[in-house]
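In what follows, a structure is listed as structure tokens, so that the remarks can point back to it.
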Amino acid sequence: MAAIDCGTNSVRLLVADLPDPGAGPNVPLVDVSRRMEIVRLGQGVDRTGRLAPEAIERTRVALASYAVEIEKLAAERVRMCATSATRDAANATDFRVMVEETLGVSPEVVTGEEEARLSFTGAVRGLPADAREPYLVVDIGGGSTEFVVGTRAGGVHAAISVDIGCVRMTERHLHGDPPGVDEIAAARADIAVAVDRALDAVPGREAATLVGLAGSVTTVVAIAQGLTEYDPDRIHHARVSYDAVADVTADLLAKTRDERLAIPVMHPGRADVIGAGALVLRVIMERAGMDSVVASEHDILDGICYSMP
């Protein structure tokens, strides 16, 4: 089966086989292909309320490449979920028509709560035994961040999505290169209000383990580990302390974009927004009282696959 996650910053593909039904509830998918392209679909949406034509075109090019991969690998089922940017856009119909013409399926514009549930399902399978329940799973995207609390056996207890993604916070607050002290303070204050609301709603402060998903988290974890190249196997289920996250965040926000680009594990399309993404993670850990975060390379893509009949 093929799952596509189209977010505010990136569009990603997972082609995978489901595990044998008798293998148990914690056995992960069998990956055939995982791909990611930074398309910045949400460019300017926070300001204009519309998807930019050039952003739709970048997404079309990525999806056309994915369509070739899906056909080559003979995926039997395809599901595409579109998230924050297309929820917010007045011209979402233009996007839907493009996807249908390019991919042959309609994009499902999922709610923030459904996005959160899919992310939780993908993230908790195969977590190490020392990851105590209940879990607080946070998926830091480009336009929004999802907060989900739950357990393996009981599933999702509560979920909420708030508009504090790395692209949205960068466009709203972090304009300098590097951003100024006042800009960072404004972003932190904005993030803190949304995080407190989310933690009260789920409720996140009662969780025992914080699990972080998506590129902002995995990039911060890779930097904290001192990796010289991006290695998903070393990042997946790595546990990183709050102090390490705080140090990485401060360093990223103090660097220029060119300096961030020079970091070995940095994806070029993430360099201009990683400071905001790291700040979101840091504030979540502060407000939730978490002394560490467990990174997961398995996320909404895996959840989309599990959701297909």
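The values are calculated or read from the model by the stated rules, or taken from the named source; none is laboratory data. Bear in mind that the values here come from a model prediction, so they are computed numbers and not experimental data. Note that we place each Cβ from the backbone using ideal geometry, even for glycine, and neighbour counts take in every protein chain shown. Each accessible area value is taken on the protein alone, full model and side chains, heavy atoms only, with ligands, DNA and RNA left out. Shrake-Rupley method; radii C 1.70, N 1.55, O 1.52, S 1.80 Å.
Is the C-alpha gyration tensor of the range 88-241 telling us rounded, prolate or oblate? Criteria: a/c under 1.5 is rounded; beyond that, a/b larger than b/c is prolate, otherwise oblate. Show your work: numbers first, answer last.
Numbers: a/c = 1.35, a/b = 1.09, b/c = 1.24.
Rounded, since a/c falls under 1.5.
With a ≥ b ≥ c the root eigenvalues of the C-alpha gyration tensor of the range 243-309, is it rounded (a/c under 1.5), prolate (a/b larger than b/c) or oblate?
On the way: a/c = 2.83, a/b = 1.38, b/c = 2.05.
Oblate is the answer for the range 243-309, as a/c is 1.5 or above yet b/c matches or exceeds a/b.
Once amide H atoms are placed 1.01 Å from N in the peptide plane, what residues at a sequence separation of 5 or more from G141, or on another chain, have their amide H within under 5 Å of its amide H?
Residues meeting the amide H criterion: E146, C166.
Taking amide H positions as placed 1.01 Å from N in the peptide plane, with prolines and chain starts having none, which residues 5 or more places from V78, or on another chain, fall under 5 Å of its amide H?
Close amide H contacts, sequence-distant or interchain: A2.
Can you compute the charge dipole magnitude of the range 88-214 about its Cα centre, using +1 on each Lys and Arg Cβ and -1 on each Asp and Glu Cβ, nothing else charged? Give it in debye, rounded to the nearest 20. Write out the running numbers ahead of the final one.
Values: 10 positive and 21 negative charges, 102 e Å.
It works out to roughly 480 debye.
Karplus couplings for the range 175-188 from phi (6.51 cos²θ - 1.76 cosθ + 1.60, θ = phi - 60°), rounded to Hz, Gly and Pro as x?
9, x, 9, x, x, x, 4, 5, 5, 5, 4, 5, 5, 4
Once fully extended, how much extra length lies between D130 and D196, figured as 0.36 nm per residue of separation less the alpha-carbon to alpha-carbon distance? If you can, show how the numbers build up before the last one.
Working: separation 66, 0.36 × 66 = 23.76 nm, distance 2.66 nm.
Residue separation times 0.36 nm, minus the Cα-Cα distance, leaves 21.1 nm.
Which percent of the accessible heavy-atom area of the range 18-161 goes to carbon and sulfur, probe 1.4 angstrom? If you can, show how the numbers build up before the last one.
Working: 3240 of 6460 Å².
Of all accessible area on the range 18-161, carbon and sulfur atoms account for 50 percent.
The range 135-236: which chymotrypsin sites (Phe, Trp or Tyr not before Pro) are DSSP loop and have at most 13 other beta-carbon atoms within 10 angstrom?
Details: sites: Y135, F147, Y230; in loops: Y230.
Loop-located and lightly packed - none at all.
Under the Karplus relation 6.51 cos²θ - 1.76 cosθ + 1.60, θ = phi - 60°, what is the ordered set of whole-Hz ³J(HN,Hα) values for the range 198-209, x standing for Gly and Pro?
Values per residue, Gly and Pro as x: 5, 5, 5, 6, 7, x, x, 6, 8, 6, 9, 9 Hz.
Need one number: nm distance between label points at D231 and D177, each 7 Å from Cα along Cα→Cβ, rounded to one decimal.
3.2
If you keep only loop residues by DSSP, which GluC sites (Glu not before Pro) in the range 210-309 have at most 11 other Cβ atoms within 10 Å of their Cβ? Walk me through the intermediate numbers first.
Values: sites: E229, E259, E286, E297; in loops: E229, E297.
Listed in order of number, the matching sites are E229.
In nm, to one decimal, how far is the modelled label at D243 from the one at A262, with both set 7 Å along Cα→Cβ?
In this crude label model, D243 to A262 measures out at 2.8 nm.
Name the long-range amide H neighbours of L51: under 5 Å, sequence gap of 5 or more, or other chain; modelled H, no Pro or chain starts.
A90, N91
Please turn the phi angles of the range 226-232 into ³J(HN,Hα) values with the Karplus equation 6.51 cos²θ - 1.76 cosθ + 1.60 (θ = phi - 60°), one per residue in order, whole Hz, x for glycine and proline.
Couplings: x, 5, 8, 8, 6, 10, x Hz.
Before rounding to the nearest 500, sum -39500 (n - 2.57) across all DSSP H runs of length at least 4 in the chain and divide by the residue total; then give [θ] at 222 nm in deg cm²/dmol. Working shown, then result.
Details: 13 runs with 137 residues, N = 309.
Using -39500 (n - 2.57) per qualifying helix, the result is -13000 deg cm²/dmol.
With a 1.4 Å probe and every protein chain left in place, work out the accessible area per residue of the chain in Å², rounded to a whole number. Mind dumping the intermediate values first?
Details: 12320 Å² over 309 residues.
Per residue, the chain has 40 Å² of solvent-accessible surface.
What's the magnitude of the charge dipole for the chain around its Cα centre, counting Lys and Arg as +1 and Asp and Glu as -1 at the beta-carbon? Answer in Debye, nearest 20. Show your work: numbers first, answer last.
Working: 30 positive and 46 negative charges, 30 e Å.
For the chain, the charge dipole is close to 140 debye.
Quick one: work out the % antiparallel among DSSP beta bridges in the chain, nearest 5. Don't skip to the answer; put the middle values down first.
Values: 29 of 44 bridges.
Restricted to the chain, the bridges split so that about 65 percent are antiparallel.
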